[in-house]
Amino acid sequence: MKFPFLSLAMMLVLAAWSPHAAAQTPYVSIEERLTAEQLRSVGLTGEQLDKLNRMLREAQDGRGDGAVAGAAATAATPQTGAASSAPMATNVAPASADERGRDEGSLIGFNDKPIQSRLKGSISGWEPGTVFELENGQQWKVLKGALKLPKTLDAPEIVVVPGIAGRWFLQVVEGMPKARVYRID
């Protein structure tokens, strides 16, 4: 045989790529793979991280039900609340089910709750690119919409309202047009 080293190397590569070899590698959670800042930038809730970790671990162990892609889609949805840099628990009970028995985590965009807070500073209007910083630490940037308020408001109470398909709208004054925003923190 002319290339014994090459044959041995190819056998090792094929053995390493086999499903049996992959099952022997211990699962490393997402929280251990990413920095706290990377986790915050994704905007996943602890429940979503736990579900994604559980499904990826089961898929690696060969026990998965093929729903890893569904978990990734659910996990990619931005959520409310300030992100924490603290590690998330990895063994949390599954999300509760609705009246039809569906996992509430699968209702993307329909189980988000409005965020109530107060703006830091004053506001006289907005346009695309305007950044709103809330007292709860969240930052939201205007994607669409422009408005000039009749008078400048100092630290007004606001509501960030979920819309369809993951859209969010910032309401400063009830009854006036809202700004379409996205979270940037």
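Derivation of every value follows stated rules applied to the coordinates shown; laboratory data play no part. Remember, predicted model here, so these are calculated numbers, not experimental data. Cβ placement follows ideal geometry from the backbone for every residue including glycine, while neighbour counts extend to all protein chains displayed.
What the table shows:
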read-out: Linear extension gain, Asp185 paired with Thr25, 0.36 nm per residue minus alpha-carbon span; value: 54.2 nm
read-out: Protection-proxy order for peptides 142-154, 37-49, 124-136, each taking the mean of Cβ atoms within 10 Å per residue, highest first; value: 37-49, 124-136, 142-154
read-out: Per-peptide average of other Cβ atoms within 10 Å, ordering 50-59, 112-121 highest first; value: 50-59, 112-121
read-out: Leu149-Glu135 pseudo-label distance in nm [points 7 Å out on the Cα-to-Cβ vector]; value: 1.4 nm
read-out: Local net charge near Ser124, Cβ-Cβ under 14 Å (Lys/Arg +1, Asp/Glu -1); value: 0
read-out: Nitroxide proxy distance, nm - points 7 Å out along Cα→Cβ at Ile164 and Arg33; value: 3.4 nm
read-out: Inter-label distance, nm, simple model (7 Å from Cα along the C-beta direction), Arg40/Ser124; value: 3.1 nm
read-out: Rg over Rh, two decimals, segment 115-183 (C-alpha only, Kirkwood Rh); value: 0.91
